[in-house]
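Since every read-out is calculated from the coordinates, none of them should be taken as a lab result. This one's a predicted model, so the numbers in the text were calculated from it and none came from an experiment. FYI the Cβ positions are ideal-geometry reconstructions off the backbone, even for glycines, and counts take in every protein chain you see.
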Amino acid sequence: MKKCEKGRKLNNRGMSLIEILVAIIILAVVTGPLLHSFVTAIKLNSKAKEQQRVITAAQSIMEGFKAYTLEELCMQFYQNQATVDPSPANGGFYVVANAGGVKEIDAMGNPYSSISSVPDGEGTALVFTPSLGNEYAFSLENVDFEGQKYDAKVELKPLTVADMAAVPAVTNLASIEDFDVDTTAVYDQTDENMDAVAASAIVDYVWNTVTWSGWQNYPTNTGKSEAETKALMLEHLVIDKKTTVLKIDYQTVWDPVASADVGKYTVTVKIKYTFEIPSYTYTYPDSSDPSGASEKTENTQAVTLQDAYLWEDGTASWEEKDYATIYPTEETKDASKLKSISFCYYPAYDYSSVGSSVGSGVSIGEECFDINSWTTHPAINISLIKQRHSNISDDAQLSTLESTYIGMINTMGDDSFLKLGANITAEGSNIKENLADAITPAGDMVTEKSQVLIYKVKVSVYRAGEAAGGFAGEPLVVLDGTMYD
């Protein structure tokens, strides 16, 4: 007899409500942090993009300001020139593109202008008048950058002195530490007596190498010491020319980090003196005459025009050698950003008219600057800036020295890569150059320049609308830099 097995009944009742709730809770616990992290990442990414946009906007404004002199900037901000007439013939506005209202302001944010309209006989002319403290501020409203609008405040302050009202004559240049070492190469002739050092080094060079000159016989014949002989040689040394060779080298090298070719600058300085020592006739006792009454006469041989390079260690040689490398320096992080060269030097005056006790005391006939730039690269702004020797305290003496000072500027290579600054010389100096209209006198050196050569630039970017409230809120970003006038 067969048994019939009863089939099992399938459980089709599904999940209970409690089980569903437990599953939802577990899912929420697991995915909640993930969703929070995702949302946070989106917010951070958006905030980072906004921060980068604001920084780029500040950099754009900074670069726009650096492209103009102070007077040109004030002229662009005069009476909201951007909205009055943006054409180049009427001033225009080119600091940044797509700017709304722009104006010059005072420290409190109130409208102010360094530009005034004065009658000139044929109508009116716009005249720039420096502010009392040589401090300036500018307001830019609704700067459109990548679809976002911002307000910006730009402040300029002298880099050389803290209070221009208290110290009206600027005599000290900024310290090297105040410069942006990535964009500026600075030659600072710290030794104001360099020419005197060079003269002694040239005498040593002649003594040690130009043996045919006959000067080595002078101590033996006269009984004078070597030091006394070199002092006599120094009296007869004639330096016809001092040549400073400023070489700008630009090479493209592969940057593995950027995966691209990147231009790298090197700026070096050579100091060359062209000199001569005329023949010198002297007498000394004839040792063959027991009475000592007889004398002999001897001539040194003339050392005709020769070149000697001053080395960094203070010695001189015919061998060409760099005196200094001013870019890059140990502090330079990116040698591809060079934009300006400031060459601060003590002029090689001819002191014969005022005496050897003034200045370095070494008379030099002519000073020459050879600016060498052979390779293609973006244009570099070059300023040659005179410094006053501490031993020239008499303004009348300085005026005499300036009136006889001869300077020559030669460019070797492509002139289009060089932009010589206007602050190269005092008014009335006998400056010669082979660049047509490249150099204009800038001020009277006798009274010293009250013009500030270098300004600190502070760019503060705000949310749109802050300008109307006097920039009372917190800036989104603040960018510091320097600019040349």
Seminar exercise, completed: Expected sort for 317-325, 109-117 on mean C-beta neighbours within 10 Å, highest first, is 109-117, 317-325
For this session: Could you tell me what percent of the DSSP beta bridges with both partners in the range 176-449 are antiparallel, to the nearest 5?
Result: 50
For this session: Rounding to the nearest 20 debye, state how big the charge dipole of the range 225-359 is about its Cα centre with +1 on each Lys and Arg Cβ and -1 on each Asp and Glu Cβ.
Result: 700
Problem set entry | Selection from 196, 406, 250, by position along the positive dipole direction of the range 176-449 (Cβ) | 250
Problem set entry | Cβ crowding within 10 Å averaged over residues, with 61-72, 384-395 ranked highest first | 61-72, 384-395
Exercise. Stretched out fully, how many nm does the piece from residue 240 to residue 142 gain, at 0.36 nm a residue minus the Cα gap?
Worked result: 29.3 nm
Problem set entry | Per residue Cα convex hull volume in Å³ - calculated over the range 176-449 | 148
Exercise. Which stretch or stretches of the range 237-256 have amide N atoms under 15 Å from the point lying 7 Å from residue 306's Cα along the Cα→Cβ direction?
Worked result: 237-240
